[in-house]
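This report refers to the structure that appears directly beneath it.
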Amino acid sequence: MAASYLPATTESISQALEAKTTPEAISMLYQILENPSSASEALRIKEQAITNLSDLLRQENRAEDLRTLLTQLRPYFSLIPKAKTAKIVRGIIDAVAKIPETSDLQISLCKEMVQWTRAEKRTFLRQRVEARLAALLMESKEYAEALNLLSGLIKEVRRLDDKLLLVDINLLESKLHFSLRNLPKAKAALTAARTAANAIYVPPAQQGTIDLQSGILHAEEKDYKTAYSYFFEAFEAFNALEDPRAVFSLKYMLLCKIMVNQADDVAGVISSKAGLQYVGPDLDAMKAVADAHAKRSLKLFETALRDFKAQLEDDPIVHRHLSALYDTLLEQNLCRLIEPFSRVEISHIAELIELPVDHIEKKLSQMILDKKFAGTLDQGAGCLVIFDDPKTDALYPATLETISNIGKVVDSLYVRSAKIMA
């Protein structure tokens, strides 16, 4: 009876890759893996077969087969060094990640691998798979579980003093706390990541990620100039590596320009040599926002938000800052419109600004409470009554200062009289 496996040789690999159809190539590679030989050359060929097989399964979007492959390879893992096992496991998990809509499968796959690595006492691999699992849980918005997993992992990695993994985990913790709107802890985790990174060589992609996170946190604190410099550093790192995150760094750079009232610079940045490489919907969205901001036009601003919803509203970082910018723009427009009036109908203001009446009424009442201008809403008549700016009378502060000084004199006389009586 013919054997159900192929010999583990380079010729077998070549035959598989030259197969007429992808399913046939996959079948031949599986047959090579079924070869029972445990000779060093056979193990090396099998490793090559695994790499080729995972690539083909990824191209075919067969995520479930990749998961099954990882389970089938466990006997093979006991025959090769632990470092090679870690490389293969991470490679297959990366292959699954490249297949769209596999988040749940990736989480369950990582959980399975964590259980197996615990049973096999493979600490190095387990820590990296747990870090990957925490990142996936964060993407799935399961923040409590991700935070719980990271807190235990950080303590363990600190004891082992694995600086490179510690940078990864601290960076992940910073992103997680930022997602939970806990800015102090996000900054503390980022500082810890920077401290660990300063002690070792950090790959450029990792350094770019640190700079990107630094820019996001500085932008959150409204320090847009510092944020811009960090985004620029991140952009240069990602651009050199041709990393797709370069376009996000460039988008956030443009956002910072808009937020510091330098919207005119946006076109210049986009038309620069580096910017032209990334021309697309993301940069078009920021250009539309910059145009609206330069013209102080709420209508153009809303049109940009509507036309580029995926690039603006679906990006939580951009959306948060643009919401603040929209409020500022609305306030500036309202102040400009009501300036000539002492009494004006709210419906007339809404008509001029082309927004709903109830929205304008709510915003005007908020501006009055925030003391952006002096006035009151006459809701019975549907009017806004604007008062003249009250002139500050210098008499009251001077009187208060005089009373305060008299109080000090009385206190001093009391202390002296107490000494005389004693």
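The values are calculated or read from the model by the stated rules, or taken from the named source; none is laboratory data. Treat the numbers as computed from the prediction; the structure is a model and nothing was measured. As a convention, Cβ positions derive from the backbone with ideal geometry for all residues, glycine included, and neighbour counts pool all protein chains shown. Heads up: the accessible areas ignore ligands, DNA and RNA and are worked out on the full protein's heavy atoms, side chains in. Shrake-Rupley method; radii C 1.70, N 1.55, O 1.52, S 1.80 Å.
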Do any helices (runs of 4 or more DSSP H) lying entirely in the range 59-135 carry at least 2 residues that are aromatic (F, W, Y), and which ones are they?
74-77
Looking only at the range 1-40, count every residue that is within 17 Å of Q72 (Cα to Cα), open to solvent by 50 Å² or more (accessible area, probe 1.4 Å), of a type outside the set (D, E) and assigned to a loop (DSSP other than H, G, I, E, B) and tell me the total.
4
Please verify whether R158 is basic (K, R), closer than 30 Å to H218 by Cα, modelled with pLDDT under 90 and assigned to a helix (DSSP H, G or I), treating the condition exactly as stated.
yes
Could you run through the range 325-354 and say how many residues are touching a residue at least 40 places away in the same chain (Cβ under 8 Å) and under 32 Å from the mean Cα position of the chain (by Cα)?
2
So, first residue of a type in the set (S, T, Y) in the range 213-226, second residue crowded, with 23+ Cβ neighbours inside 10 Å, Cβ within less than 6 Å, six or more apart or across chains; the pairs are S214/Y230; Y224/C256
Take the residues of the range 359-380 that are acidic (D, E) and modelled with pLDDT under 85: which is nearest to the chain's Cα centre (by Cα)?
D370
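Kindly establish whether I210 is closer than 27 Å to E145 by Cα, out of contact with any Ser or Thr (no Cβ under 7 Å at 6 or more places or on another chain) and β-branched (V, I, T). Show your work before the answer.
Details: closer than 27 Å to E145 by Cα: yes; out of contact with any Ser or Thr (no Cβ under 7 Å at 6 or more places or on another chain): yes; β-branched (V, I, T): yes.
Answer is yes for this residue.
Considering each of K222, K187 in turn, give the residue that is open to solvent by 60 Å² or more (accessible area, probe 1.4 Å), part of a helix (DSSP H, G or I) and over 23 Å from A274 (Cβ atoms).
Working: K222 fails: part of a helix (DSSP H, G or I).
Result: K187 is the single residue among K222, K187 that is open to solvent by 60 Å² or more (accessible area, probe 1.4 Å), part of a helix (DSSP H, G or I) and over 23 Å from A274 (Cβ atoms).
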Might you check whether a residue that is assigned to a helix (DSSP H, G or I), at pLDDT 85 or above, under 21 Å from the mean Cα position of the chain (by Cα) and exposed (fewer than 15 other Cβ atoms within 10 Å of the Cβ) occurs anywhere in the range 285-292?
no
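Just wondering, is there one or more residues in the range 168-179 that are open to solvent by 10 Å² or more (accessible area, probe 1.4 Å) and farther than 15 Å from A135 by Cα?
Taking the range 168-179 and keeping what is open to solvent by 10 Å² or more (accessible area, probe 1.4 Å), we get 168, 172-173, 175, 177-179.
So of that shortlist, the ones also farther than 15 Å from A135 by Cα come out as none.
Within the range 168-179, not a single residue is open to solvent by 10 Å² or more (accessible area, probe 1.4 Å) and farther than 15 Å from A135 by Cα.
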Could you list, in sequence order, all residues of the range 205-253 that are out of contact with any Asp or Glu (no Cβ under 9 Å at 6 or more places or on another chain), charged (D, E, K, R) and under 17 Å from L312 (Cα atoms)?
E220, R245
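Conditions (1) modelled with pLDDT under 85; (2) farther than 13 Å from H293 by Cβ; (3) surrounded by 13 or more Cβ atoms within 10 Å (Cβ to Cβ), marked per residue:
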residue	(1), (2), (3)
R306	no, yes, no
D314	yes, yes, no
V318	no, yes, yes
L337	yes, yes, yes
R343	no, yes, no
If I filter the range 246-284 down to residues being part of a helix (DSSP H, G or I) and hydroxyl-bearing (S, T, Y), which single residue comes out as most open to solvent (accessible area, probe 1.4 Å)?
Y252
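Filter the range 23-72 down to the residues that are of a type in the set (S, T, Y) and closer than 18 Å to I92 by Cα and list them by number.
Within the range 23-72, S27, Y30, T51, S54, T68, T71 qualify.
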Please verify whether the range 74-85 includes one or more residues that are of a type in the set (G, A, S), buried (at least 17 other Cβ atoms within 10 Å of the Cβ) and in contact with a helix residue (DSSP H, G or I) (Cβ under 9 Å, 6 or more places away or on another chain).
no
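Does L330 satisfy being surrounded by 10 or more Cβ atoms within 10 Å (Cβ to Cβ), within 22 Å of K222 (Cβ to Cβ) and touching a Lys or Arg at 6+ places or on another chain (Cβ under 7 Å)?
Judged against the criteria, L330 is a match.
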Do you know which of the residues in the range 381-414 that are closer than 30 Å to K363 by Cβ and open to solvent by 60 Å² or more (accessible area, probe 1.4 Å) is modelled with the highest pLDDT?
F387
